[in-house]
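Have a look at the structure below, then the notes.
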Amino acid sequence: MVAGMWMRSTMTYRSSFAMTLFASFAVTFFDFVVILLMFGQVDGLGGFSFGEVAFLYGATGTSFGLADLTMGSLQRMGGRVRDGTLDTLLVRPAPVLAQVAADRFALRRLGRVAQGLFVLVWGLALVDVEWTAVKVLLVPVMVVSGAVLFSALMVLGASLLFWAQDASEVTNAFTYGGNTLLGYPPTIFAKELVRGVVYVVPLAFVNWLPALYVLGRPLPAGVPVWAAFLSPLVAAGCCAVAGAAWRKGLRSYRSTGS
C-alpha cells in the first residue's frame with residue numbers, strides 16, 4: 001500500500017516520470033559505454049568476447065536493478081536511526097522491513113532494470129552457445145537469484161546501520177561495487193579477489209558461476225561445475241543470515257533517547 005501510494009504520486013506527473021526514467025536508463029548505460037569503447041580497441045577482454053562480457057554485465061545489471069528497485073530505500077536506515085523517525089514505523093501494524101523498503105518507493109529505478117535487461121538480451125543474441133533446456137532455464141533463475149542475493153546484502157547492510165548510522169558506504173561497496181565487479185569476466189582479477197567473492201561474500205553466485213556454465217567456460221577458483229546451480233540455495237542462505245541480523249538490530253534499537 002505504501003509503495004502504491006508513492007507510485008500514484010509519481011504518476012501524477014507523467015512527463016516528469018518519463019524524463020527521470022529515461023535519465024536513469026541513460027546514466028546507467030554510460031557504464032556500459034566504457035565497455036563499448038574498450039572493445040573498439042581490443043577484440044577480447046581476459047579471453048572473453050564482447051557478447052560474453054555483455055552477457056555478464058546484463059545479468060548482474062538486471063539483478064542489481066531489481067534489488068535496488070525493491071530494497072534501495074534501505075540506505076536511509078542510518079538517518080532514521082539517528083533522528084528517531086524509525087519509532088513511527090514500529091507502532092504500525094506492518095513489518096518494519098517492508099515499511100522501510102516501501103518508503104519513497106522510486107519507480108524511476110525501473111530505468112536501471114531496463115538498461116540491464118537490454119544489455120542482457122543484446123549479449124544473449126551475440127554469444128555463441130549450444131543451448132540446452134538446462135541452460136535456457138538457468139538464465140532467469142540466475143537473474144532472480146542474483147536479485148534476491150543483492151537484496152539480502154542490502155538488508156544485511158541496513159542492519160549494520162542500527163549500530164553504525166553513517167556506514168551506508170560500507171554496504172555500497174558490496175552492492176554497487178559488487179555490481180561493477182561482476183560486470184567483467186573473473187579472468188581479469190586477482191585470484192585472491194575471485195576466491196573472496198566465491199567463498200567469503202558469495203557475489204560470484206549472482207552471475208559468474210551460472211553464466212560461465214551457460215557459456216561453456218570453466219568455473220573459477222577451483223569451483224566444481226555443479227556449483228553453478230547453487231545460486232538459489234546461496235541466495236536463501238544469505239536471506240536467512242540477513243533476516244537474523246535485521247531482527248537482532250531491531251531488538252537493539254533504543255530510539256534517540258529524547
Can you find even one residue in the range 232-243 that is assigned to a helix (DSSP H, G or I) and under 23 Å from GLU130 (Cβ atoms)? no
Look at GLY40 and say whether it is closer than 24 Å to GLY123 by Cβ and surrounded by 17 or more Cβ atoms within 10 Å (Cβ to Cβ). no
If I filter the range 174-202 down to residues being under 12 Å from the mean Cα position of the chain (by Cα) and surrounded by fewer than 16 Cβ atoms within 10 Å (Cβ to Cβ), which single residue comes out as nearest to ALA67 (Cα to Cα)? TYR176
Output yes when any residue across the range 203-210 is among the aromatic types (Phe, Trp, Tyr), under 17 Å from the mean Cα position of the chain (by Cα) and assigned to a helix (DSSP H, G or I), and no when none is. yes
Could you check GLY177 against (1) touching a Ser or Thr at 6+ places or on another chain (Cβ under 8 Å); (2) free of Cβ contacts under 8 Å to residues at least 12 places away in the same chain and say which number it fails? (1)
In the range 1-46, anything among the β-branched types (Val, Ile, Thr) and under 19 Å from THR70 (Cα atoms) is listed as VAL2, THR10, THR20, THR28
Matching entry among ARG112, ARG108 (being under 30 Å from ARG8 (Cα atoms), at pLDDT 85 or above, surrounded by 17 or more Cβ atoms within 10 Å (Cβ to Cβ) and of a type in the set (Lys, Arg)): ARG112
List, please: which pairs have Cβ atoms under 7 Å, are six or more places apart or on different chains, and start with a residue in the range 223-252 that is free of Cβ contacts under 8 Å to residues at least 40 places away in the same chain and end with one that is in a helix (DSSP H, G or I) and of a type in the set (A, V, I, L, M, F, W, C)? VAL223/VAL198; VAL223/LEU209; ALA227/LEU209; LEU230/PHE205
Can you find a residue that is touching a strand residue (DSSP E or B) at 6+ places or on another chain (Cβ under 6 Å) and not acidic (Asp, Glu) anywhere in the range 229-244? no
Of the residues in the range 121-141, those that are without any contact (Cβ under 8 Å) to a residue 60 or more places away in the chain and either touching a Ser or Thr at 6+ places or on another chain (Cβ under 8 Å) or of a type in the set (Val, Ile, Thr) (or both) number 3
Among residues of the range 142-173, those that are part of a helix (DSSP H, G or I), exposed (fewer than 14 other Cβ atoms within 10 Å of the Cβ) and touching a residue at least 12 places away in the same chain (Cβ under 8 Å), counted: 1
Among the residues of the range 51-71, is there at least one that is surrounded by fewer than 21 Cβ atoms within 10 Å (Cβ to Cβ) and more than 24 Å from GLU169 (Cβ to Cβ)? yes
Is it the case that LEU21 is more than 22 Å from ALA158 (Cα to Cα), assigned to a helix (DSSP H, G or I), of a type outside the set (S, T, N, Q) and in contact with a Gly (Cβ under 7 Å, 6 or more places away or on another chain)? yes
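The values are calculated or read from the model by the stated rules, or taken from the named source; none is laboratory data. It should be emphasised that the depicted structure is a prediction, and the values quoted were computed from it without experimental measurement. Positions of Cβ are backbone-derived with ideal geometry, glycine not excepted, and every protein chain shown enters the neighbour counts.
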